[in-house]
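Have a look at the structure below before the remarks.
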Amino acid sequence: MTVNDDVFTDWKNREEIAESMIPIIGRLHREKDVTVLLHSRSLVNKSVVSLLKTHRFARQIAGEELSVTDTMPFLQALTALDLGPSQIDLGMLASTYRADDQGLSVEEFTARAVAGATGENKLERRSAQDVVLYGFGRIGRLVARLLIEKASGNGLRLKAIVVRNGGGDDLVKRASLLRRDSIHGQFQGTITVDEANNKIIANGNEITVIYSDDPTKVDYTEYGIKDAILIDNTGRWRDREGLSKHLRPGIAKVVLTAPGKGDVPNIVHGVNHDMIKPDEQIISCASCTTNAIVPPLKAMEDEYGVVRGHVETVHSFTNDQNLLDNYHKADRRGRSAPLNMVITETGAASAVAKALPDLKARITGSSIRVPVPDVSIAILNLQLKRETTREEVLDHLREVSLTSPLKRQIDFIDSPDAVSSDFIGSRHASIVDAGATKVEGDNAILYLWYDNEFGYSCQVVRVVQYISGVEYPTFPAPAV
């Protein structure tokens, strides 16, 4: 047998193993509300090739060989356990098992590593949390996709969408925009329209479309909605007074997908979400850029200390800019977005203080909008409290992305040819580009990619899961 034959045979063997993993991962998700991860990447509803590619990518960031032949024994061991709702990371199980010197079998090690999800520690599945989307634009539709994806697990159920009636085939057109997206591709599943009952049915989930241009005139209980979390995607109201209009019958809490003003808490999941008071009814998820810079900023502050910093964002254009030159109340944004680089402002730097109140460093910021429709990059220039090296900083950030409580927020890539389109669909808030990182003495410059649409939408859903009480623990537990 030639070397090429050996390589092909190895691929076919791994392909066969990946095929056998899919039904196990699916049953754990549907029957036990267990989400199987690989270094914080969900393996639920993945194809054979996607499973193999995820293992390959995990090897690149973890710096170790990792194949389905390594993770399959741990997945099989999980099937023998009486698990409760949780997230279980096969990559972490395989990595920590290799480093373990106690001579345990895979089955014994797995049972010990996930003990917090079994026996007396086992969580019970709770009834699904109702969610309402107010507004159905770029973020609204992506959040809808995520909620529909999670309907069979993690306890969130999209019950309704509130929009203004555009007339004509409004319902059909909105369903079509959910089904097809020029950037993020086709919806993974089936979508039908029930025009007689004003419903969109996505993967079996009935979603009522409520037509209203005034939140104070909607009684959500009339639609069978109870104690729901309403996600405002319009940005029309950003202070407590305005957002309180949503607190109508059937709505318990309001989450804003834009920076909040006044005393509205700005939350970056992974950094300050545990500071949300149980009785807080109005919450902001800050901006996509704030979510991109705050997690790595916290990682650098915790390890090195930060004296001061500046963030320059190179941001994709958005719907608030003009397609062609026309009047706009903001400076420069009236000029054609697809044809120009547009200097503008970002409130992300000032929002850092709300998400990281213990950070005493002054952070300034500015932004340039550029002619790409999605994925942005934040260049974070920091003066640190001590000198370090590029290798040390990269080792630290790689470890944070793999094992820390910030591993769902921070990703890490070391590729010589990475460009913005490579990060479309990333579920992380921020991706550290190792190749672009610069460190000299006490100065560190981080290049942080982020999908300002999808990555941010994932952060929004994480906040909603947390305040709903359905953000389940991850095993093995991340290092603190």
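The values are calculated or read from the model by the stated rules, or taken from the named source; none is laboratory data. What you see is a predicted model; the values in this text were computed from it and never measured. No Cβ is skipped: glycine too gets one built from the backbone with ideal geometry, and neighbour counts run over all protein chains shown.
Before moving on, here are some points about what is shown:
- Condition met for Val209 (over 27 Å from Arg462 (Cα atoms), β-branched (Val, Ile, Thr) and modelled with pLDDT of 95 or more): no
- Evaluating Val372 against the criteria (1) touching a helix residue (DSSP H, G or I) at 6+ places or on another chain (Cβ under 9 Å); (2) assigned to a helix (DSSP H, G or I); (3) farther than 19 Å from Lys438 by Cα leaves one unmet condition, (2).
- The listed residue being touching a residue at least 40 places away in the same chain (Cβ under 8 Å) and either aliphatic (A, V, I, L, M) or assigned to a loop (DSSP other than H, G, I, E, B) (or both), out of Leu146, Leu104, Leu81: Leu146
- Scan of the range 144-162 for residues that are closer than 19 Å to Asp227 by Cβ and out of contact with any Lys or Arg (no Cβ under 8 Å at 6 or more places or on another chain), ordered by number: Lys150, Asn154, Arg157, Leu158, Lys159, Ala160, Val162
- Scanning the range 426-447 for residues that are out of contact with any Phe, Trp or Tyr (no Cβ under 6 Å at 6 or more places or on another chain) and either outside the structural domain of Thr313 (by TED's automatic domain parsing) or small (Gly, Ala, Ser) (or both) yields a total of 6.
- Arg164 being basic (Lys, Arg), surrounded by fewer than 23 Cβ atoms within 10 Å (Cβ to Cβ) and under 26 Å from Gly250 (Cα atoms): yes
- Taken together, Thr110, Thr118 contain a single residue that is more than 28 Å from Phe423 (Cβ to Cβ), surrounded by 15 or more Cβ atoms within 10 Å (Cβ to Cβ), modelled with pLDDT of 90 or more and in contact with a Phe, Trp or Tyr (Cβ under 7 Å, 6 or more places away or on another chain), which is Thr110.
- Check on Asp263, modelled with pLDDT under 95, within 17 Å of Ala348 (Cα to Cα), acidic (Asp, Glu) and not assigned by TED's automatic domain parsing to the domain that holds Leu448: yes
- The range 112-143, residues that are assigned to a helix (DSSP H, G or I) and either basic (Lys, Arg) or touching a helix residue (DSSP H, G or I) at 6+ places or on another chain (Cβ under 7 Å) (or both): Arg112, Ala113, Ala115, Asn121, Arg138, Ile139, Arg141, Leu142, Val143
- Counting only strands (runs of 3 or more DSSP E) wholly contained in the range 411-480, the ones carrying 3 or more residues that are surrounded by 17 or more Cβ atoms within 10 Å (Cβ to Cβ) and touching a residue at least 60 places away in the same chain (Cβ under 8 Å) occupy 443-450.
- Matching residues, the range 343-397, being at pLDDT 95 or above, surrounded by 19 or more Cβ atoms within 10 Å (Cβ to Cβ) and of a type outside the set (Ser, Thr, Tyr): Arg369, Asp374, Val375, Ile377, Ala378, Leu380, Leu382, Leu384, Val393, Leu397
Yes/no per residue for (1) outside the structural domain of Tyr134 (by TED's automatic domain parsing); (2) part of a loop (DSSP other than H, G, I, E, B); (3) modelled with pLDDT of 95 or more:
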{"position": "His269", "(1), (2), (3)": "yes, yes, yes"}
{"position": "Lys277", "(1), (2), (3)": "yes, yes, no"}
{"position": "Lys298", "(1), (2), (3)": "yes, no, yes"}
{"position": "Glu301", "(1), (2), (3)": "yes, no, yes"}
{"position": "Asp320", "(1), (2), (3)": "yes, yes, no"}
{"position": "Asp331", "(1), (2), (3)": "yes, yes, no"}
{"position": "Leu339", "(1), (2), (3)": "yes, yes, yes"}
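- Hits in the range 301-317 - residues which are under 17 Å from Ser366 (Cα atoms) and either touching an Asp or Glu at 6+ places or on another chain (Cβ under 6 Å) or touching a residue at least 60 places away in the same chain (Cβ under 8 Å) (or both): Arg308, Gly309, His310, Val311, Glu312, Thr313, Val314, His315, Ser316
- Of all residues in the range 377-401, those that are among the hydroxyl-bearing types (Ser, Thr, Tyr) have Cβ atoms under 7 Å from Cβ atoms of residues that are in a helix (DSSP H, G or I), 6 or more apart or on another chain, in Thr388/Tyr304; Ser401/Ile61.
- Within the range 354-382, the residues that satisfy the criterion of being touching a strand residue (DSSP E or B) at 6+ places or on another chain (Cβ under 8 Å) and over 28 Å from Met341 (Cα atoms) are Lys354, Ala355, Leu359, Ala361.
- Taking the range 163-208 as the range and being within 21 Å of Gly224 (Cα to Cα), part of a helix (DSSP H, G or I) and either in contact (Cβ under 8 Å) with a residue 24 or more places away in the chain or among the small types (Gly, Ala, Ser) (or both) as the test, the residues that pass are Leu171, Glu195, Ala196.
- In the set Val306, Val271, only one residue is over 24 Å from the mean Cα position of the chain (by Cα) and buried (at least 21 other Cβ atoms within 10 Å of the Cβ); that residue is Val306.
- Residue check for Phe423: touching a Lys or Arg at 6+ places or on another chain (Cβ under 6 Å) and either farther than 30 Å from Glu108 by Cβ or not assigned by TED's automatic domain parsing to the domain that holds His39 (or both): no
- Filter result (under 19 Å from Phe136 (Cα atoms) and assigned to a loop (DSSP other than H, G, I, E, B)) within the range 220-246: Ile225, Asn233, Thr234, Gly235, Arg236, Trp237, Arg238
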